[in-house]
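**Student:** Following this message is one structure expressed as structure tokens.
The values are calculated or read from the model by the stated rules, or taken from the named source; none is laboratory data. In this text, all values refer to a predicted model and were calculated from it rather than measured experimentally. Cβ coordinates were reconstructed from backbone atoms using ideal geometry, including for glycine residues, and neighbour counts include every protein chain displayed. In case anyone asks, the SASA skips ligands and DNA or RNA and just uses the protein heavy atoms, side chains included. Shrake-Rupley method; radii C 1.70, N 1.55, O 1.52, S 1.80 Å.
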Amino acid sequence: HRKVSFEVELAGSGTAGTAPAWGPVLVGCGFAETVTAGTDVRYEPVSEGEPVLTIHCWVDGTLYKMEDARGTVSFELNPKSIPVMKFEFLGTYAAPTEGAMPTDADYSAFEQPLVVGKRNTPTLEIFGYAGCTSAFSVDIAAQIAWRELINCAGTASPDRQPTGNITMELPKVTDKDWAEIVRRSDTGLLSIVHGITPGNIVELQMPAIQPGPFTLNDDAGVAMIQMPFDVNPVDGDDELVVIVR
């Protein structure tokens, strides 16, 4: 078998209700695509019937091909940086072959990404609290593995264990008591919206995150809270919804 990892910049499609160019790659990580023409495109996790991809990778004229590939994805939205999706795929090995590099690759469907910050990332709310945030990430953590058995072999993705991490300014207890939220094992909504122009807006919705024990650190004399969280479902496959509009 073979493994490949790569990053894709997070941006919309340019037109609300049109699937983004990176949609097929996210679908290959166990998401179902639902298009509402003129409105939005939603990607929601599925637990069965996930499609597989064939991935072609040319390096200096050498083709490394991988069939029956399944993957996992994480999202990183950090201020002053371009937001990215980090993919890792596992699939069937094929012997490398030599040949001419493709000359007809078309990247026109990929939109220019926007740098993460106050203007371009207008919403990040966690448990209804909008704190000054210096780092945000969430990992779908699909458990992809190669299964080699008698009479069959292939990539399996039987489970996912999504988690995330957020770093933000430490609020007053009267504004948001994170210690009590962690102690009680509370769950709540987290939503982050990136982009301000229709056609290039991407939202990540997590209806039931559960914050865990956090640490405190210093950022230019400001106290910061670095807090991991689990991403839980409310009603089946709804723990992380990606909305492009």
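**Student:** Just to confirm my filter: which strands (runs of 3 or more DSSP E) fall fully inside segment 5-100 and include at least 3 residues that are touching a strand residue (DSSP E or B) at 6+ places or on another chain (Cβ under 7 Å), under 30 Å from residue 165 (Cβ atoms) and modelled with pLDDT of 95 or more?
**Tutor:** 31-36, 40-45, 62-76, 84-93
**Student:** On the given criteria, is residue 235 part of a strand (DSSP E or B), of a type in the set (Asp, Glu) and more than 19 Å from residue 87 (Cβ to Cβ)?
**Tutor:** Considered against the rule, which asks whether it is part of a strand (DSSP E or B), of a type in the set (Asp, Glu) and more than 19 Å from residue 87 (Cβ to Cβ), residue 235 comes out as no.
**Student:** Which of the numbered conditions does residue 177 fail, given that it passes all the others? Conditions: (1) over 17 Å from residue 139 (Cβ atoms); (2) under 25 Å from the mean Cα position of the chain (by Cα).
**Tutor:** (2)
**Student:** Any idea how many residues of segment 115-157 are part of a loop (DSSP other than H, G, I, E, B), open to solvent by 50 Å² or more (accessible area, probe 1.4 Å) and in contact with a strand residue (DSSP E or B) (Cβ under 8 Å, 6 or more places away or on another chain)?
**Tutor:** So the answer is 5.
**Student:** Here's a follow-up. Does any residue in segment 106-135 that is free of Cβ contacts under 8 Å to residues at least 12 places away in the same chain come within less than 8 Å, Cβ to Cβ, of a residue that is part of a strand (DSSP E or B) six or more places away or on a different chain, and which pairs are these?
**Tutor:** Partner pairs satisfying both residue conditions: 130/123; 130/124.
**Student:** For segment 89-104, check the following and say yes or no: at least one residue is buried (at least 17 other Cβ atoms within 10 Å of the Cβ), farther than 24 Å from residue 147 by Cβ and under 16 Å from the mean Cα position of the chain (by Cα). Steps first, please.
**Tutor:** Step one: filter segment 89-104 for residues buried (at least 17 other Cβ atoms within 10 Å of the Cβ), giving 89-92.
If we keep only those that are farther than 24 Å from residue 147 by Cβ as well, we get none.
No, because not a single residue in segment 89-104 is buried (at least 17 other Cβ atoms within 10 Å of the Cβ), farther than 24 Å from residue 147 by Cβ and under 16 Å from the mean Cα position of the chain (by Cα).
**Student:** Filter segment 224-241 down to the residues that are free of Cβ contacts under 8 Å to residues at least 60 places away in the same chain, surrounded by 11 or more Cβ atoms within 10 Å (Cβ to Cβ) and closer than 24 Å to residue 32 by Cα and list them by number. Steps first, answer last, please.
**Tutor:** If we filter segment 224-241 for residues that are free of Cβ contacts under 8 Å to residues at least 60 places away in the same chain, which is where we start, we get 225, 232-235.
Within this subset, residues satisfying the condition of being surrounded by 11 or more Cβ atoms within 10 Å (Cβ to Cβ) are 225, 232-234.
Result: 232, 233, 234.
**Student:** To continue, here is another question. Going residue by residue through segment 61-71, is there one that turns out to be closer than 23 Å to residue 137 by Cβ and among the hydroxyl-bearing types (Ser, Thr, Tyr)? First the steps, then the outcome.
**Tutor:** First, the residues of segment 61-71 that are closer than 23 Å to residue 137 by Cβ: 70-71.
Imposing the further condition that a residue be among the hydroxyl-bearing types (Ser, Thr, Tyr) reduces the set to none.
Checked against the condition, which is being closer than 23 Å to residue 137 by Cβ and among the hydroxyl-bearing types (Ser, Thr, Tyr), segment 61-71 yields no hits at all.
**Student:** Considering only residues that are aliphatic (A, V, I, L, M), surrounded by fewer than 19 Cβ atoms within 10 Å (Cβ to Cβ) and within 22 Å of residue 203 (Cα to Cα), which ones fall in segment 33-83?
**Tutor:** Correct list: 35, 37, 46, 82.
**Student:** Show the residue pairs that are 6+ apart or on different chains and have beta-carbon atoms under 7 Å apart, the first residue being within segment 87-104 and small (Gly, Ala, Ser), the second being assigned to a loop (DSSP other than H, G, I, E, B).
**Tutor:** 91/1; 99/61; 100/61
**Student:** Looking only at residues that are closer than 22 Å to residue 222 by Cα and of a type outside the set (S, T, N, Q) in segment 158-173, which one is most open to solvent (accessible area, probe 1.4 Å)?
**Tutor:** Checking each candidate, the answer is 172.
To keep it simple, each residue is scored yes or no on (1) under 17 Å from residue 87 (Cα atoms); (2) of a type outside the set (Lys, Arg); (3) in contact (Cβ under 8 Å) with a residue 40 or more places away in the chain.
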position	(1), (2), (3)
29	yes, yes, yes
42	no, no, yes
51	yes, yes, no
57	yes, yes, yes
62	no, yes, no
68	yes, yes, yes
73	yes, yes, yes
